[in-house]
Amino acid sequence: MNRDLKSLVSQMTLEEKAGMCSGLDFWHLKSVERLGIPDVMVSDGPHGLRKQDEEADHLGINESIKAVCFPAGVLSACSFDRDLMRTLGDALGKEAQATNVSVVLGPAVNIKRSPLCGRNFEYYSEDPYLAGEAAAAFIEGVQAHHVGTSIKHFAANSQELNRMSASSNVDERTLREIYLPAFETAVKKAQPYTVMCSYNRLNGTYASEHPWLLTDVLRKEWGFEGYVMSDWGAVDNRVDGLKAGLDLEMPSSGGATDAEIVQAVQNGTLDEAVLDQAVERILRIIFLYADNREKQEFTMEADHALARRIAAESMVLLKNENILPLKEEENIVFIGEFAAKPRFQGGGSSHINCFRIDSALDEVKGCNNISYAKGFLADSDVYDESLAAEAIQAAKSADKAVIFAGLPDSFESEGYDRSHMRLPDCQNRLIEEILKVQKDVIVVLHNGSPVELPWANKVKGILEAYLGGQAAGGAVTDILFGKINPSGKLAETFPYRLEDNPSYLTFGDPKEVDYTEGIYVGYRYYDAKNMPVAFPFGYGLSYTTFAYSNLRLDQDIMTEKDTVIASVDVTNTGDRFGKEIIQLYIADKTGAARRPLRELKGYEKVALQPGEMKTVTMAIDYRSLAWYSTQLHDWYAASGEYEVLIGASSRDIRLRAALRLNNSQLLPLHVTKNTTMGELLADPRTASFIKEWQQKLLSVFAPPEEVEKAEEPSASEEAVSDEMNNAMMYSMPLRNLVTFGTCTPAQLEELIRALNETL
Ligand code: BGC
């Protein structure tokens, strides 16, 4: 239905308009009955519906309706599968229609700066390209049902400590290259109905009142058309927020901030047009939903089956020394309480009230060859001697031991960060004890973020199940017994130690969090340092093997306007069906700027029967090659050589191809007396011009006739080599032409004028 929203807004009183800009209660927006504006509800959260029923309390903590808990973002991102993310979104969109929820509060795309962030389990990746692609697909799925999404938390909300006040201090290039692109991609590709601003300050200013963030970048640059809502309680100054682009405050302010808005309009400090615009944006989204209601049923059983499929397609097999898949007839012991009580979701606003939970143990009920020993309690870090003894005994008499390890709920949650990266000591100790009596050990991990794995070299198999949703148990056994061939790959690096992480020294400051590692987040850092890691970004094993061959580019020279298609043949060389994730990285060889060694710019997941080959194609455009120039305040890629890398992980590059960019744009250059000779020689616009002066300058240091004459180098020549002369000349500012007698001050001025004229 085409509604005339402007006319609707014009019929609203000032009070009604101000009222539209904050919640009615914890989950609802206000209605205006006389104008036919319905009240609508929003609900968490990214991986399932947390819809509180009608008896919602003021704090939103009452039990929510029974629903389906899908795998958390930490796991679904490992699918590297856009279709799967869309399918997840599609299911949530239908569930939302079935339960009268107008906006699902997700996806959550903050970058995993540190493994310690308590909320990493909800977030997708350390890589912005992957996070953006996953989010866009999820949003498309939900919004296909005219249910909105709220991509969150905008922006740079990568720690929980003091999240409502700490400032994320991030330089412009890092923001643009690391912390914003997931939002940018999602907005440009999928137009989320809403964006949720984060609690934190960004470079000193609250995200909820940051005009550059909420208006200049989000709307003017990226073209966001929906409304911005605050995170729950993120508003500092309501009127400043409205002016900056924060349309809706959540939850209700009890009318206090509505009154502030009314007063600001009345005393002339807030232009009523700003308010009208916010109201119009909110109404547009309300009606997008209200005018497109679908008759849906909450198909819990079907969604449970989908949750299991998504989990199984995303779990990552980290190690397999000929031990998996398990054979039906083997005597196996499952150890660890997580086998009976899987940890499958994180704590906080995304916590789902599940209608059913499948454990791995449930799945093998009735199999006489599979026994169970609790070994340790899932929610404690106490080494229980008698539970441990029982588990060790059981491990001794079994053919293989599968230990279900993981983080207790209390170790990671929204609201606080972890203080270390270890599993509970009791679990590490038990694993070591079991290894003394059983050599065939497999560890299944239930955690929301990387953990240190001190026994990794000794066990034969490791399955990273992460937080797999309510059907996690089934997904784990599907993989363990080979019903499903694992095909997930890590969306984050597993460093050996917390201290290796680039944010180690600055993460967790209570007030000013300086992102001093800049763009070197995750694999961008570990790869640049050539640092050994436990498991690299993009890594994951399969029960089959894949060969990559025949990388070709449809053009190997491109301009800034072109899109190049990279094609690569992938063959399943093993003997069972499997899926492979092919990753495309770009390496900048131009030397024009400091860049990570390689950055993910494409990926595809492909399903292959044994022996089957498929050609995978991925597009490379100018942006794939570009970095963010703070001089241009825009993306920029220099002319020159790039490499297209095709990898099975960030550390397993299988194929390479050279790609040349001819970019007609050059970075602006303004010559002053402090511009260096090197800068001028490197720039094609000034290089030939300045060469003559380079020669003159060089001849001051090493007169050509002397070089020719001398047979033995003089003492002074030994002290000052040609290399040193060249290097010195390269870094010399133009003013040194005068210092070293190559020209007069007047000639220098003329030279600078002439150089600037050529630019
Ligand atoms: C969280 C959001 C969530 C909101 C509503 C906040 O505390 O940060 O992610 O959507 O609560 O539950």
Sorted from fewest to most neighbouring beta carbons within 10 Å, what does the list Leu75, Leu175 look like? Leu175, Leu75
In vacuo Debye scattering of the range 146-271, one point per C-alpha: log10 I(q)/I(0) at q = 0.16, 0.20 Å⁻¹? -0.76, -1.13
Residues whose built amide H sits under 5 Å from the amide H of Asp44, excluding neighbours closer than 5 in sequence, are Arg50, Leu105
Furthest towards positive pole of dipole, Ser10, Ser542, Ile65, structure part the chain, Cβ charges: Ser542
Place the peptides 463-473, 98-108, 287-297 in order of packing, highest mean first, counting for every residue the other Cβ atoms within 10 Å and averaging per peptide. 463-473, 98-108, 287-297
Cα-centre dipole for the range 6-48 with unit charges at Cβ (Lys and Arg positive, Asp and Glu negative), debye to 20: 220 debye
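Under the rule a/c < 1.5 gives rounded, and otherwise a/b versus b/c splits prolate from oblate, where does the range 311-470 land using the Cα gyration tensor? All intermediate terms of the calculation are to be shown ahead of the outcome.
Details: a/c = 1.57, a/b = 1.33, b/c = 1.18.
Prolate shape, in that a/c is at least 1.5 and a/b is the bigger ratio.
Using the Cα centre of the chain as the reference point, and only Cβ charges (+1 on K/R, -1 on D/E), how large is the resulting charge dipole? Debye, rounded to the nearest 20.
1120 debye
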Dipole in debye (nearest 20) - the range 309-419, about Cα centre, beta carbon charges: Lys, Arg +1; Asp, Glu -1: 200 debye
The range 578-618: projected area of the alpha-carbon convex hull, averaged over directions, in nm²: 3.6 nm²
Compare the peptides 679-692, 498-511, 637-650 by average per-residue count of other Cβ atoms within 10 angstrom and give them in order, highest first. 637-650, 498-511, 679-692
Which ordering of His670, His210 is given by a fewest-first count of other beta-carbon atoms within 10 Å? His670, His210
Binned Cα-Cα distances of the range 211-367, short to long, each 5 Å bin given as a whole percent: 1, 6, 10, 12, 12, 9, 9, 9, 8, 7, 7, 5, 3, 1, 1, 0
Checking the range 43-135 for GluC sites (Glu not before Pro) in a loop per DSSP with at most 12 other beta-carbon atoms within 10 Å yields Glu54, Glu55, Glu63
Calculate the all-directions average of the projected area of the range 87-213's alpha-carbon convex hull, and give it in nm². 7.5 nm²
I'm a student and want to see the number: the projected area of the Cα convex hull of the range 170-209, averaged over all directions, in nm². 3.1 nm²
Step by step: find N for the chain, compute 2.2 N^0.38 Å, then divide the Cα radius of gyration by it. What's the final number? 1.08
Provide Met85, Met618 in ascending order of the number of other Cβ atoms located within 10 Å of each residue's Cβ, fewest first. Met618, Met85
Quickly rank 303-313, 109-119 as a protection proxy: mean count of other C-beta atoms within 10 Å, highest first. 109-119, 303-313
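Any read-out appearing in this document is the output of simple, stated calculations on the displayed coordinates, not a laboratory observation. Just so it is clear, the model here is predicted, and its values are computed rather than measured. Here Cβ is always computed from backbone atoms with ideal geometry, including for glycine, and neighbour counts include all displayed protein chains.
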